[in-house]
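Worksheet: one structure, shown below.
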Amino acid sequence: MEFVIKISQFLLSLSLLIVLHELGHFIPAKAFKTRVEKFYLFFDVKFSLFKKKIGDTVYGIGWLPLGGYVKISGMIDESMDTEAMKEEPKPWEFRSKPAWQRLIIMLGGVTVNFILAILIYIGMSYFYGDTFLPNDNIKDGLLIENTVANQAGLLTGDKIIAVDGDKIENFSEISEKVLFGKDITIERKGEQSTITFPEDILSQLIDSKEKDFIDLREPFIIVEVPDSSYNKNSGIKTGDIIIGLNNVSTKYADEVKAVLGNLKGQEVTAKLLRDKVETTIPLKISDEGKLGLVYASGSTPKTLEALGYYKFETKEYTFLEAFPVGINKAKAKLASYWKQLGAIFTPSTGAYKGVGGFKAIYDIFPSVWSWQYFWNITAFLSIMLGVLNLLPIPALDGGHVMFLLYEMVSGRKPGDKFMEYAQMVGFFILIALVLFANGNDVYKWITELLNSK
């Protein structure tokens, strides 16, 4: 069932983005009386799952879910249909239109992507508002148990104040900004200092295979007392929170684990919080420093707030207020993704190792259906699709835009033969990038399988 839910979200999001992107090309093409021969969701290599001709255009669904396309008459595109280009230009063909009209047609797809992201963020701001944890409300610092982060200088209990001089306002900003930052301003035991990350921190994190980076410190909440546990008859119950061991305060789970490591093989007096009332019971610690109990991780904001650990804030917006909020969210996400792309194309950072393909996109969707998560992910993917399509690579929209701008500035139109060769080069570059990204997915999958054995 989990697979069905995730793949349904993945395909719905991908299909929506592809159709709207291609519609962004289709509408201005029709407006400028340019013939559109095909409008396809997915690629129809050799055959189509569905097709129907309406007017001059064949609408269809291909079998290969690697994207989609509109085939515009008189344009050298991914179909590499160059036969028609040998004939005299027709008035309805793309090549017969003024450069400014061709530019609008080529920019139509990415324009729709960016507008869609903005509209989604506006809608989400209006319907859901924002629930967030102000950085100032993290009184006892963060949970930082990642080996690479520790070696770089970050420790559990540190408060991250700023990244590259940019003040951190909310907890949700921290991980992303730290990952792509250099100078990290922290507060440790009341004193501020700056830690400078190595340039290849992303490479180290990817190579380490550790999933956790920076998180909230949480209480040690018992969620299960197994029948095989040596503490089964101690009196401990599901829902109990360990807040002390042998008179040592253990507000957080990381503190409990640290104390357990120092009391291996001993019987201790544990202070518990049960239904908001303190009580004590004896507990046995194994020679490995374990309690034989299952404790919670990933508590919800509601639970953490109810227990008094953190104070979350919620902002609701009117319809008009949601507009600037949504626009600012889209701008922030665009700037963030552009920064990530810059890191990926800088070999010294090693960020290229983290590039993923379709499986990576599939993995970001939750295993339960949530419209809030779905639209949030779709908005980000729309921005990602828009940015990637603007890259100046022949065969992408950005490549066509690059040649059109050259034509408009120089007054000289690149020859059809040159455009044909450029399209072929761009196509091979794209194939290489797709193979690399999805190859990374396969490599990570195989590595995870081997590590789990």
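Structure notes:
- Counting only residues that are loosely packed, with under 12 Cβ neighbours inside 10 Å, on the phi < 0 side of the Ramachandran plot and more than 25 Å from the chain's Cα centre (by Cα), region 281-326 holds 6 of them.
- Screening Phe418 against (1) open to solvent by 70 Å² or more (accessible area, probe 1.4 Å); (2) closer than 19 Å to Ile115 by Cβ; (3) of a type outside the set (Ser, Thr, Tyr) leaves a single unmet condition, (2).
- Scanning region 310-336 for residues that are more than 14 Å from Thr131 (Cα to Cα) and hydrophobic (A, V, I, L, M, F, W, C) yields Phe319, Leu320, Ala322, Phe323, Ile327, Ala330, Ala332, Leu334, Ala335.
- Met75 at pLDDT below 90, outside any strand (DSSP E or B), open to solvent by less than 40 Å² (accessible area, probe 1.4 Å) and closer than 22 Å to Asn389 by Cα: yes
- Residue that is surrounded by the fewest Cβ atoms within 10 Å (Cβ to Cβ) [pool: residues in region 327-342 that are within 27 Å of Ile138 (Cα to Cα) and free of Cβ contacts under 8 Å to residues at least 12 places away in the same chain]: Ala335
- Positions within region 255-270 being assigned to a strand (DSSP E or B) and either within 19 Å of Val223 (Cβ to Cβ) or free of Cβ contacts under 8 Å to residues at least 24 places away in the same chain (or both), in sequence order: Glu267, Val268, Ala270
- Top-ranked residue in region 111-150 [being in contact with a Gly (Cβ under 7 Å, 6 or more places away or on another chain) and within 29 Å of Ala253 (Cβ to Cβ); ranked as most open to solvent (accessible area, probe 1.4 Å)]: Asp140
- Single residue of region 196-223 satisfying the filter (of a type in the set (Asp, Glu) and out of contact with any strand residue (DSSP E or B) (no Cβ under 6 Å at 6 or more places or on another chain)) that is least open to solvent (accessible area, probe 1.4 Å): Glu218
- Close contacts from region 303-324, counting a first residue that is more than 27 Å from Ile122 (Cβ to Cβ) and a second that is aromatic (Phe, Trp, Tyr), with Cβ to Cβ under 9 Å and a gap of 6+ residues or different chains, come to Thr303/Tyr309; Leu304/Tyr310; Leu304/Phe312; Glu305/Phe312; Tyr309/Tyr252; Tyr310/Phe171.
- Exactly one residue among Met408, Met384 is open to solvent by 50 Å² or more (accessible area, probe 1.4 Å), touching a helix residue (DSSP H, G or I) at 6+ places or on another chain (Cβ under 7 Å) and not small (Gly, Ala, Ser), and that residue is Met408.
- Single condition Gln340 does not satisfy, out of (1) among the polar types (S, T, N, Q); (2) over 28 Å from Glu199 (Cβ atoms); (3) in a helix (DSSP H, G or I): (2)
- Among the residues making up region 292-327, those that are of a type in the set (Phe, Trp, Tyr) and closer than 16 Å to Ala253 by Cβ are Tyr295, Tyr309, Tyr310.
Quick grid of which residues meet (1) modelled with pLDDT under 95; (2) in contact with a Lys or Arg (Cβ under 6 Å, 6 or more places away or on another chain):
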| position | (1), (2) |
| --- | --- |
| Ser125 | no, no |
| Pro134 | no, no |
| Leu155 | no, no |
| Ile160 | no, no |
| Ile168 | no, no |
| Gly181 | yes, no |
| Glu187 | no, yes |
| Gln192 | no, no |
| Asp200 | yes, no |
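- Filter pass, Ile54 being at negative phi and open to solvent by 30 Å² or more (accessible area, probe 1.4 Å): yes
- Test for Val425: is it among the aliphatic types (A, V, I, L, M), farther than 22 Å from Ser73 by Cα, in a helix (DSSP H, G or I) and at pLDDT 85 or above: no
- Test: residue in region 181-190 that is part of a helix (DSSP H, G or I) and of a type in the set (Val, Ile, Thr): no
- Filter result (in contact with a helix residue (DSSP H, G or I) (Cβ under 9 Å, 6 or more places away or on another chain), in contact (Cβ under 8 Å) with a residue 40 or more places away in the chain and open to solvent by 60 Å² or more (accessible area, probe 1.4 Å)) within region 169-195: Glu176
- Hits in region 377-396 (condition: in contact (Cβ under 8 Å) with a residue 12 or more places away in the chain and part of a loop (DSSP other than H, G, I, E, B)): Leu390, Ile393, Pro394, Ala395, Leu396
- Among the criteria (1) touching a residue at least 60 places away in the same chain (Cβ under 8 Å); (2) touching a Ser or Thr at 6+ places or on another chain (Cβ under 7 Å), the one Ser229 does not fulfil is (2).
Matching residues to (1) within 25 Å of Ile118 (Cα to Cα); (2) modelled with pLDDT under 90; (3) out of contact with any Pro (no Cβ under 6 Å at 6 or more places or on another chain):
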{"site": "Ala270", "(1), (2), (3)": "no, no, yes"}
{"site": "Val277", "(1), (2), (3)": "no, no, yes"}
{"site": "Leu293", "(1), (2), (3)": "no, no, yes"}
{"site": "Lys331", "(1), (2), (3)": "yes, no, yes"}
{"site": "Leu334", "(1), (2), (3)": "yes, no, yes"}
{"site": "Ala351", "(1), (2), (3)": "no, yes, yes"}
{"site": "Tyr373", "(1), (2), (3)": "yes, no, no"}
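- Here Val223 passes the criteria (1) within 30 Å of Gly153 (Cβ to Cβ); (2) under 33 Å from the mean Cα position of the chain (by Cα); (3) not in a loop (DSSP other than H, G, I, E, B) except the one numbered (1).
The values are calculated or read from the model by the stated rules, or taken from the named source; none is laboratory data. Fair warning: this is a prediction, and the values are worked out from it, not measured in the lab. We place every Cβ from the backbone using ideal geometry, glycine too, and count neighbours over all the protein chains shown. SASA here: full protein model, heavy atoms, side chains in, ligands and nucleic acids out. Shrake-Rupley method; radii C 1.70, N 1.55, O 1.52, S 1.80 Å.
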